[in-house]
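Notes follow once the structure below has been shown.
The values are calculated or read from the model by the stated rules, or taken from the named source; none is laboratory data. All values derive from a computational prediction rather than experimental measurement. Please note: Cβ atoms are built from the backbone with ideal geometry, for glycine as well, and neighbour counts cover all protein chains shown.
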Amino acid sequence: MRQLVRWRAASLAVLLVASVGCGGGAAPDAGGGGPTEPPAPPGDVIRVPLPDGRFAARLCGVDVAARTVDVDLVVWLTGSAARRIWAGEHPDDPLGPPNDYLVVDADPTLWREPVGPGVEVRLVRLAEDSDADLDPGTFEELPGYLAAQTSEGPCAHPPYWVTVADGTVVGIEEQYVP
């Protein structure tokens, strides 16, 4: 198990370095040794804390009673980085990704993270107030908020920015997508 955790930490480091190097959001420097075991099947849940930092992720599960959130880490790309990746995947479409952003999910592993008691939640609430401004929310309302969004599966919601400090989620901020 310890080798698997080290491999996952190394995978996270590669994903984070790729996101910073490709124009993604800010990410911490996460170290780790090289892979020693093959990746786990999709849907496995890692129960070790993410390193401190701000991560682009999809929220895949919220357990209010246990105060945990399951996240699928993604890379948020915009501008030339998004167009470069898009061109490689869609060579017949020279216009680039719709709305000039691209979400890349290179690893479907879910990370189960503890949520702090004072977590700051900020939501777009586009359906409620017709603007893309971030409005305050609560951790307790997240399951209902996510359920009200149109999605195809538990992780199909727009990306969120998850902030971790001292091994605990202290911020959850919805990313506006047109």
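Select, from Gly137, Gly153, Gly167, the only residue that is modelled with pLDDT of 85 or more and out of contact with any Pro (no Cβ under 9 Å at 6 or more places or on another chain).
Gly137
Checked against the criteria, Leu77 counts as more than 20 Å from Ala165 (Cβ to Cβ) and either at pLDDT below 90 or part of a strand (DSSP E or B) (or both). Scan the range 19-47 for residues that are surrounded by 15 or more Cβ atoms within 10 Å (Cβ to Cβ), over 15 Å from Ile172 (Cβ atoms) and either at pLDDT 50 or above or among the small types (Gly, Ala, Ser) (or both) and the total you get is 8. Tallying residues that are of a type in the set (Gly, Ala, Ser) and touching a residue at least 12 places away in the same chain (Cβ under 8 Å) within the range 63-108 yields 6.
Annotation: of all residues in the range 90-118 being under 23 Å from Phe55 (Cβ atoms) and loosely packed, with under 12 Cβ neighbours inside 10 Å, the one that is modelled with the lowest pLDDT is Asn99. Out of the residues in the range 119-178 that are exposed (fewer than 12 other Cβ atoms within 10 Å of the Cβ) and either in contact with a Leu (Cβ under 7 Å, 6 or more places away or on another chain) or of a type in the set (Ser, Thr, Tyr) (or both), state the one that is farthest from Trp76 (Cα to Cα). Filtering the range 119-178 for residues that are exposed (fewer than 12 other Cβ atoms within 10 Å of the Cβ) and either in contact with a Leu (Cβ under 7 Å, 6 or more places away or on another chain) or of a type in the set (Ser, Thr, Tyr) (or both), the one farthest from Trp76 (Cα to Cα) comes out as Ser130.
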